[in-house]
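Heads up: the structure comes next, in structure tokens.
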Amino acid sequence: MDYFYRIADASLQERLEAFGAVLIEGPKWCGKTTTAEQVCKSVIRLHDLDMQEEYLSTAHLKPSILLMGETPRLIDEWQDAPMLWDAVRTMVDKRQSPGQFVLTGSNTVDKSKIKHTGTGRITRLKMMPMSLWESRESNGRISLKALFDDAELNIDGIASDMQVEDLVFAACRGGWPAAVNLKTDRARLLVARNYVDSLCREDMSNFDGIKRDERIVRAILCSYARNISTLAKKSSMLADVTASGELGCSQPTFDDYVHALTRLFVINDLDAWCPSIRSKTAIRSGSKRAFVDPSIAVAALNLTPQVLVTQLKTFGFIFEQMCVRDLQAYTQDFGNHISYYHDRYGLEADLVLHLADGRYALIECKLGSRDIEEGASHLLELQQLIRDYNQGEVQVPLREPDLLIVLTGGRMAYTRPDGVKVIPLACLKD
């Protein structure tokens, strides 16, 4: 099977040169193991049914035995034997050499099961499902890094190869490597549906041994899907889950399920950006609801590409999820993150992309060309609000945005006279 280049490839190599071990985290089926296999010279798979019992027994008795092998050594699904974390840390200290181990995991581990954080020895690399650039659908003619390095970069006339119908299908299929490699469209669409089904039936109960109701999992996923890219409160989503009267779900139960979905890297909520330009009571501080991949929302609601093509307003929310996924894939370095801005006056930026060095971009996600003007006006108004704030007597002025971007599902990239860059998502790369 053809290996598709992943942006995480370069990040993994850099970290192996600096740290004794790298932990690759992310949702199941996003390609963690395959990416690790590209650089590792030996491997131990804790999910190997033929060897699982022996591996777990050895891990309890003398975990260092499982670490013997040519390096870098891959320990796949390490969370099945949490004691290996401390064993890896100890071995890294003993050998005093970088690039010893790569660990992969599909859920976070209870901190009480490990004795040391691994700081300085084990670094974490979060891996997302495939971006449009990684799935070879974005033509990648506009580099996000190049834009940050040169705000005057000429992008005028660069065209996307994807139409709206193509974006709809890509969102329904998702960024799962297994789906991208399949031959028929019908088969590609089944992967995300099977992911959600497996999550509800098995993963939510198996990963930490706590039995959870499959029906409640499905109801919560549906509620989240109906509220993606919004600031819906947990109380309103709980009311949505229990509206039919068929399911009994308390707030603590709802919170436990959401926490579990977050630990499984399924839910990927965005935090608010709260600069001091307005009072805290004016700026919304709740989380914006999000999944790690747009296909989860599509599968949870049993939608199809054919339906979404006729419901582009609904697809607009899903399109924003695809923008978040791709931007996170393109900016995997330490300290980079994405938030949003929204205040009670209606001023908003769908996304705020923060780089570790302090640079940031204000971003609006607009599927169609008719909404570009509205998105650009929001960005310009927020930029002006920051400038007005800085003109006051402030000891520490707020950095102005380095980029104003409207990400679109349209076909043509260009820079507006006001400096806002309009960029088709299917033209971006890292």
**Request:** Please give the peptides 312-318, 277-283 ranked by average Cβ packing (other Cβ atoms within 10 Å per residue), highest first, as a rough proxy for protection.
**Result:** 312-318, 277-283
**Prompt:** With the chain treated as a Gaussian network of Cα nodes joined by springs under 10 Å, which of Gly26, Gly99, Gly409 yields the largest mean-square fluctuation?
**Reply:** Gly99
**Item:** Accessible heavy-atom area order of Arg201, Arg359, Arg387, highest first, probe of 1.4 Å
**Value:** Arg201, Arg387, Arg359
**Prompt:** Taking a quarter of the surface of the convex hull around the Cα atoms of the chain, what do you get in nm²?
**Reply:** 22.7
**Prompt:** At a Förster radius of 41 Å, what calculated FRET efficiency corresponds to the Cβ-Cβ distance of Glu37 and His259, to the nearest 0.05?
**Reply:** 0.85
**Prompt:** How do Lys94, Lys234, Lys183, Lys288 stack up against each other in accessible area, from largest to smallest, with a 1.4 angstrom probe?
**Reply:** Lys183, Lys94, Lys234, Lys288
**Message:** From the alpha carbon gyration tensor of region 53-151, can you work out the equivalent ellipsoid semi-axes (sqrt of 5 times each eigenvalue) and give them in Å, largest to smallest?
**Reply:** 34, 16, 14
**Request:** Determine the sum of side-chain charges near Ala159: Lys and Arg each +1, Asp and Glu each -1, restricted to other residues whose C-beta is under 9 angstrom from that of Ala159.
**Result:** +1
**Prompt:** For the chain, modelled as a Gaussian network with Cα springs under 10 Å, which listed residue fluctuates most, Leu398, Leu46, Leu327?
**Reply:** Leu398
**Request:** Using the heavy atoms of the protein chains and a 1.4 angstrom probe, tell me the accessible area per residue for the chain in square angstrom.
**Result:** 45
**Item:** Residue-averaged 222 nm ellipticity for the chain, from DSSP H runs of 4+ at -39500 (n - 2.57), nearest 500
**Value:** -11000 deg cm²/dmol
**Message:** Counting only protein heavy atoms and a 1.4 Å probe, tell me what percentage of region 1-136's accessible area is made up of carbon and sulfur.
**Reply:** 51
**Request:** Note the direction-averaged projected area, equal to a quarter of the hull surface, for the Cα convex hull of region 334-383, in nm².
**Result:** 3.9
**Request:** Quick one: net charge around Arg193, please, counting Lys, Arg +1 and Asp, Glu -1 for every other residue with C-beta under 13 Å from its C-beta.
**Result:** +3
**Request:** Give me the percent of DSSP beta bridges within the chain that run antiparallel, rounded to the nearest 5.
**Result:** 30
**Prompt:** Per the 1.4 Å probe, what fraction of the accessible area of region 157-225, in percent, lies on carbon and sulfur atoms?
**Reply:** 49
**Message:** Using the Kirkwood formula on the Cα atoms of region 206-332, what hydrodynamic radius do you get, in angstrom to one decimal?
**Reply:** 15.9
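The values are calculated or read from the model by the stated rules, or taken from the named source; none is laboratory data. From a predicted model like this one, the values you see are computed outputs, not experimental measurements. Cβ atoms come from the backbone with ideal geometry, glycine included; neighbour counts cover every protein chain shown. We work out accessible area using only protein heavy atoms, side chains counted, and drop any ligands, DNA or RNA first. Shrake-Rupley method; radii C 1.70, N 1.55, O 1.52, S 1.80 Å.
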